[in-house]
Amino acid sequence: MKKAFRNDAIAKVTGRAKYTDDYSMPGMLHALPLHADRSSAMIRKIDVSKAAKMPGVLRIITAEDVPGEIKYGQIIRDYPVLAHKKIRSSGDVLALVVAQTRAEALCALKEIKIDLKETPGLYDPHQALLPDAPLIHPEHGSNICNYHRVRTGDIATGEKDADFIIEENFSTSRVEHAYLEPESALAHLRPDGVMEVIGSMQHPFSTRRFVAATLGFELKDVEVRTVPMGGGFGGKDDTAALVCARAALCAYLCERPVKITYSREMSMKESYKRHPYDISYRMGVKRDGGISFVQVRMVADSGAYCSVTPWVTWRSTVQCSGCYEVPHVHSDVYGVYTNNIFTGAFRGFGSPQVNWAIEQLVEIAAEKIGMDEVEFRQKNMLKQGSVTVTNQKLDSHTVSLKEVMDKVLTEIDYNKKHELCSFGDPSLDKWYGIGFAISYRGMSLGAEGVDMNSAIINVQPDGSVLLESGVHENGQGSESAMILIAAEELGLPVSRIRYRMPSTSNIPDGGTTVASRGTLMGGGATTKAAEILKSIISEAVKDHMGKSVDRFEDGWILDDQDQRICSWDEAIRLCYSKQIYPYAFGVFQAPRVSWDEDTGHGDAYFTWVYGCQAVELEVEPKTGKITILNMVAAHDVGRAINPDMVKGQFYGGMTMGAGYGLIEEMPLREGAVTATNFHQYKILRSTDLPEMTAIIVENPDPLSPSKAKGIGEPTLEITAPAIANAVYRATGRRYTDQPIKIRRDSEDNG
Amino acid sequence: MKITVNGVCHKLADDMGARLLSDWLREDLGLIGTKIGCGIGVCGTCTVLIDDLAKRSCLLKLSDLQDKEITTIEGLANADGSLHPLQQAFVDCGAIQCGFCTPGMVLSALALLLKNHRPTRDEIRQALKGNLCRCTGYQQIIDAVELAAKKLYPSNQISI
């Protein structure tokens, strides 16, 4: 058995790995936030007089104390570091208590008196869209945070071509990221005037912007360093960055190191969730099985703040018709402000919602015309050279949709098991069902934003290697992947390479480690840096030893006759002795993408991945209990750099996706979360899951320097619809609202 | 009051009794491998062994632990610094991602292996039920526990 590789495994398995809360500094203070706990109000007065006299309390900080920008944001600057005059969300922070100990800060929080006037809140995005609805952010001019669309072909023609028109509404739930490590940050002002921050956040550069904006500093005066992070899944961007900014604010005002560590309750109350969507589809189908048109309207609840809603909903727009060829498409996608707890980035990023709907809709359509769901998908799916609904031709890489689907259906023996499905047979006390779903997914950011990354390889005089990239270790093993790529390129064992924990002051901003872009973009930059380094070393060897280098292998520099010219270490010594730095800075810029906001046309992403998942399950008609019996997934990853970690992404994504379909839903009351810890917000446990099968498909991508694509998000985005399709074949009923709550016959009569 | 942690006996003043075990381990003894994920005994990241049974340290007060023997994740590695076979199995099977659940997961698994030398995969799932993991889907963790059982107790036959 080839053993898994992780550079951080030993530190983590021995308990030595230090996460943010495990750090402390001499003279360090502790701060905690006071949450609004109501979703819409005007702040009249925050009375801190009693709290300020509590034991151990040094200072209580409110919005008036912020030296820089009170509001910040990645797209729209609407997210307050501390609520100022107005409360828009129950997660707003009204004040920060800084005390000698965390316990003292916790006691003092209770003594802050808030005088406020509650105002009517908006908790339904459809109401927020009404013309007379009050505005959440009057300065924005509308409760529509953003709008995207696709206009392809002509719907009237599509309607004429259709033999049947299917109309169906779907809804998806608001989901908690449930990373196991709650937010934490530790900040201190260094003697050189730099605010140094460590934190449980997944985007050091975004965090640096939040910190700098809050303090009114330039970016050069803030240094964000990374330490191990206990899970993110997209959820440790805005809120986590603000927790860092608040720690920095406290450290700046108190002139002492300050740590903020959230309780689980604080984390669930304040952090953003996955966008719930309401999706209305109309689909035209022809008797021969062709899809003639898709018309869709999606409303995504952004909650009180924008966060990355325009980007999340953009992905939904691009992928609005699923992985199918559709000649006529008309989509309208709205991100809408409400007073609900806000929503933002979450693994999948606007695709799980669409897939939940479209992967059920195609089966409804297939059944309508009496075609089986496999054949229907095969007929309509994107193939090599297909043109997507946004008018992008898929010809730069292998379009492997059929390959992944065939692999999964063969592995799970779909055709045979299909005949065993119960379809709600009343004579049975257990219903069996099997189902699957397929998807394509645009890789990396696409036309969402600037998409580049860099890596530095700095070879030391003894031949050992320091590597860093603009990719953040979220727990997924990105550092290990970068090390493996560099090791292969340089022909060195991984033991010679150390991944240097990056700091925002040492490497250029490489964008967020999101969008399954870590291995693709960071790996691309690492490959480029390795190529530059090899040419530097090869030139030195040529100039000073007179020999042409062919390749780097097993610690040796070889010529084209397979003869060893010199060892790696000798070559490095040669470089230094000849005043040549064996140092390389590699950049990978994503190939060109394009987007026209008006037509919704463009080469939205420079490459795509393809996946299929199937699920077998059992439903107990009496209790409504669903038991998953088996899950199989195949995903095309381009190239698997670290196969065990790729499998870990499969299993983790499928598990999270299964929870999304079956149980996960963050309940709200007047915009505020009512589940604040894991006894109320449940995620799947080891006993809730079957054995899973991961099939890694590798079609190397010509546009990726490392040939690898991504895997983090694809694994999550189709599990829930696969479950829904299996539940349909078990129960004979479609569940279009998610999570699935099995209706029992007695409930139907009520 | 005496409490033994990883083989070291600690004598405590009586007024320490109300202190939570998790806080004492992390803050007073610097044993930061014990993590706090929920603070209410639901997520399992604070799991330690108390007389070889897996317990949630965030729910226990020191006064409940008189004369008990506690093992934290820091107490598992061998004296020469090499990994315990269970830890090594977690490394080899790719059972670690963000690592925040790992210490608690390892200790819950160890408690199982101490009393059941050749657990089935279902028994492993049952034993790890109290430990949440959001990254791995548990599968490679279960692989690791299975592998560790084989390494630790090679002579045991598979129980049916």
So which of B:37, B:7, B:44, B:33 is loosely packed, with under 15 Cβ neighbours inside 10 Å and either under 21 Å from residue A:16 (Cα atoms) or away from every other protein chain (no Cβ under 12 Å) (or both)?
-> B:7
Candidate set from region B:127-137 (those that are under 15 Å from the mean Cα position of the chain (by Cα) and at the interface with chain A (Cβ under 7 Å from one of its Cβ atoms)); member that is nearest to residue A:230 (Cα to Cα) = B:132
Kindly provide the set of residues from region A:424-444 that are surrounded by fewer than 24 Cβ atoms within 10 Å (Cβ to Cβ) and either in contact with a His (Cβ under 7 Å, 6 or more places away or on another chain) or part of a loop (DSSP other than H, G, I, E, B) (or both), ordered by number.
-> A:424, A:425, A:426, A:427, A:428, A:429, A:430
Name the residues in region A:675-689 that are more than 15 Å from residue B:140 (Cβ to Cβ) and either among the polar types (S, T, N, Q) or more than 7 Å from every other protein chain (Cβ to nearest Cβ) (or both), would you?
-> A:675, A:676, A:677, A:680, A:681, A:682, A:684, A:687, A:688
Kindly indicate which of A:664, A:670 is acidic (Asp, Glu), within 30 Å of residue A:39 (Cβ to Cβ) and within 14 Å of chain B (Cβ to nearest Cβ).
-> A:664
Candidates B:15, B:92 - the one that is assigned by TED's automatic domain parsing to the domain that holds residue B:145 and over 12 Å from the mean Cα position of the chain (by Cα) | B:92
Run down A:427, A:444, A:396 and say which single residue is farther than 23 Å from residue A:155 by Cα and without any contact (Cβ under 8 Å) to a residue 12 or more places away in the chain.
-> A:427
Name the strands (runs of 3 or more DSSP E) wholly inside region A:169-257 in which the number of residues that are within 14 Å of chain B (Cβ to nearest Cβ) is 2 or more.
-> A:184-189
Could you list, in sequence order, the residues of region A:690-712 that are assigned to a loop (DSSP other than H, G, I, E, B) and within 14 Å of chain B (Cβ to nearest Cβ)?
-> A:690, A:691, A:711, A:712
Filter region B:65-116 for residues that are hydroxyl-bearing (Ser, Thr, Tyr) and part of a helix (DSSP H, G or I); which is nearest to the other protein chains (Cβ to nearest Cβ)?
-> B:102
Looking at residue A:675, is it farther than 30 Å from residue A:588 by Cα, modelled with pLDDT of 95 or more, part of a helix (DSSP H, G or I) and in the same structural domain as residue A:609 (by TED's automatic domain parsing)?
-> no
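Within region A:157-178, is there a residue that is at positive phi and buried (at least 23 other Cβ atoms within 10 Å of the Cβ)?
Within region A:157-178 (the criterion being at positive phi and buried (at least 23 other Cβ atoms within 10 Å of the Cβ)), the answer is yes, since at least one residue qualifies.
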Going through region A:417-443 one residue at a time, which ones are within 18 Å of residue A:363 (Cα to Cα) and of a type in the set (Lys, Arg)?
-> A:417
Among the listed residues A:218, A:255, which satisfies the condition of being surrounded by fewer than 23 Cβ atoms within 10 Å (Cβ to Cβ), among the charged types (D, E, K, R) and without any contact (Cβ under 8 Å) to a residue 24 or more places away in the chain?
-> A:218
Odd one out for residue A:130 among (1) in a strand (DSSP E or B); (2) under 23 Å from residue A:307 (Cα atoms) | (1)
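Residue-by-condition table, conditions (1) modelled with pLDDT under 95; (2) away from chain B (no Cβ under 14 Å); (3) closer than 29 Å to residue A:700 by Cβ:
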site: A:579; (1), (2), (3): no, yes, no
site: A:584; (1), (2), (3): no, yes, yes
site: A:597; (1), (2), (3): yes, yes, no
site: A:601; (1), (2), (3): no, yes, yes
site: A:655; (1), (2), (3): no, no, yes
Determine whether region A:467-479 contains at least one residue that is under 16 Å from residue A:506 (Cα atoms), more than 14 Å from chain B (Cβ to nearest Cβ) and modelled with pLDDT of 95 or more.
-> yes
Check on residue A:550, loosely packed, with under 15 Cβ neighbours inside 10 Å and farther than 30 Å from residue A:235 by Cα | no
Which of the residues spanning region A:466-520 are farther than 27 Å from residue A:714 by Cα, outside any helix (DSSP H, G or I) and hydroxyl-bearing (Ser, Thr, Tyr)?
-> A:503, A:504, A:505
With respect to residue B:40, is the statement that it is out of contact with any Lys or Arg (no Cβ under 6 Å at 6 or more places or on another chain), under 19 Å from residue A:181 (Cα atoms) and in a loop (DSSP other than H, G, I, E, B) true?
-> yes
Given (1) free of Cβ contacts under 8 Å to residues at least 12 places away in the same chain; (2) among the small types (Gly, Ala, Ser); (3) farther than 16 Å from residue B:74 by Cα, where does residue B:30 come up short, assuming only one miss?
-> (3)
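Scan region A:400-422 and give yes if some residue there is in a loop (DSSP other than H, G, I, E, B), in the same structural domain as residue A:708 (by TED's automatic domain parsing), under 30 Å from residue A:331 (Cβ atoms) and under 28 Å from the mean Cα position of the chain (by Cα), otherwise no.
Taking every residue of region A:400-422 in turn, at least one turns out to be in a loop (DSSP other than H, G, I, E, B), in the same structural domain as residue A:708 (by TED's automatic domain parsing), under 30 Å from residue A:331 (Cβ atoms) and under 28 Å from the mean Cα position of the chain (by Cα).
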State all residues of region A:597-630 that are over 18 Å from the mean Cα position of the chain (by Cα), assigned to a strand (DSSP E or B), under 20 Å from residue A:351 (Cα atoms) and not polar (S, T, N, Q); if no residue qualifies, say none.
-> A:601, A:612, A:614, A:615
Kindly state which helices (runs of 4 or more DSSP H) lie completely within region A:1-117 and contain at least 2 residues that are modelled with pLDDT of 95 or more, within 14 Å of chain B (Cβ to nearest Cβ) and crowded, with 22+ Cβ neighbours inside 10 Å.
-> A:9-13
Test each condition in (1) under 24 Å from residue A:264 (Cβ atoms); (2) touching a strand residue (DSSP E or B) at 6+ places or on another chain (Cβ under 9 Å); (3) crowded, with 21+ Cβ neighbours inside 10 Å for residue B:50 and report the one that comes out false.
-> (3)
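The values are calculated or read from the model by the stated rules, or taken from the named source; none is laboratory data. As the structure is a prediction and not an experimental result, all values here were calculated from the model. Cβ: placed from backbone, ideal geometry, glycine included. Neighbour counts: every protein chain shown.
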